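Worksheet: one structure, shown below.
Just so it is clear, none of the values below were taken in a lab; they were calculated from the coordinates. As the structure is a prediction and not an experimental result, all values here were calculated from the model. Backbone-built Cβ (ideal geometry, glycine too); neighbour counts: all protein chains shown.
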Amino acid sequence: MPEFTLVIGNKNYSSWSLRPWILMKRLGIEFQEVQLPLDTPEFKDEVAQYGPSGRVPVLKHGEVTVWDSLAICEYLAEITGRGWPADRAARAVARSVCAEMHSGFLNMRMEWPMNARARNRRTPMTPGLEADVDRVDEIWMDCRRRFGTSGGPWLFGEYGIADAMYAPVVLRFNTYRAQISDTARWYIATALEEPMLQEWVRAAKEEPWINKDYEVGEK
Ligand SMILES: N[C@@H](CCC(=O)N[C@@H](CS)C(=O)NCC(=O)O)C(=O)O
């Protein structure tokens, strides 16, 4: 029995769940996965058995409960000593871009909900959405240029929390076909080929649940 349990929502729609899930897979941490489909009458009662916020993801580790995607990633980084860049200056930037993702990009969240299995969706480009897409592009270019030049294809070279935090954006950009720089396109192509993200998307495609609120954009 693995010592960790990760409680997640739908793989197709739950962007917050994807972050710790993919980080744990990438770090090679074994865990039991509990899936609670979102937007069901039972969801609130079920999730209350695991954590206090009424939301997923939740990590259980012995007596410890952690109930926010970034807090879970931080907790796992403390346990494993991995996930953040070793260099302090790089780590400060990695934390900044993760915090920016965690607390911002509201237009993108609302207008381009994560829909892992959907392709070629088109929505009107509002100024707010365009600004969010441009800012992500700028972040990825800046991280790759300053920190990604050695040691691997990820934002800070080696795969880390920043890549996990931006994995849902990779799927959004793939679904809604964002207009982005060559660097960002290259980063997305790399991330989409990554086996763990592929495993997540494969599972999303097999899920039976359809939530109209997340099914946006013309095909
Ligand atoms: N800040 C939280 C947000 C978690 C969150 O909003 N989760 C959504 C699913 S993606 C949820 O549980 N929604 C259910 C609800 O609000 O009823 C985190 O980073 O984990």
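Data overview
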| quantity | calculated |
| --- | --- |
| Those residues of segment 7-25 which are touching a residue at least 60 places away in the same chain (Cβ under 8 Å) and out of contact with any Gly (no Cβ under 8 Å at 6 or more places or on another chain), in sequence order | Asn10, Lys11, Asn12, Tyr13, Ser14, Ser15, Leu18, Arg19, Pro20, Trp21, Ile22, Lys25 |
| Check on Phe43, more than 26 Å from Asp142 (Cβ to Cβ) and more than 10 Å from the ligand (Cβ to nearest atom) | no |
| Segment 80-103, residues that are over 14 Å from the mean Cα position of the chain (by Cα) and either within 14 Å of the ligand (Cβ to nearest atom) or of a type in the set (Phe, Trp, Tyr) (or both) | Trp84 |
| Test: residue in segment 134-156 that is surrounded by 15 or more Cβ atoms within 10 Å (Cβ to Cβ), of a type in the set (Phe, Trp, Tyr), without any contact (Cβ under 8 Å) to a residue 40 or more places away in the chain and under 16 Å from Val170 (Cβ atoms) | yes |
| Restricting segment 66-79 to residues that are among the β-branched types (Val, Ile, Thr) and closer than 17 Å to Gly9 by Cα, the residue that is farthest from the ligand (Cβ to nearest atom) | Val66 |
| Tabulated pairs, segment 55-73, first free of Cβ contacts under 8 Å to residues at least 60 places away in the same chain and at positive phi, second assigned to a strand (DSSP E or B) and within 6 Å of the ligand (Cβ to nearest atom), C-beta under 9 angstrom, 6+ apart or interchain | none |
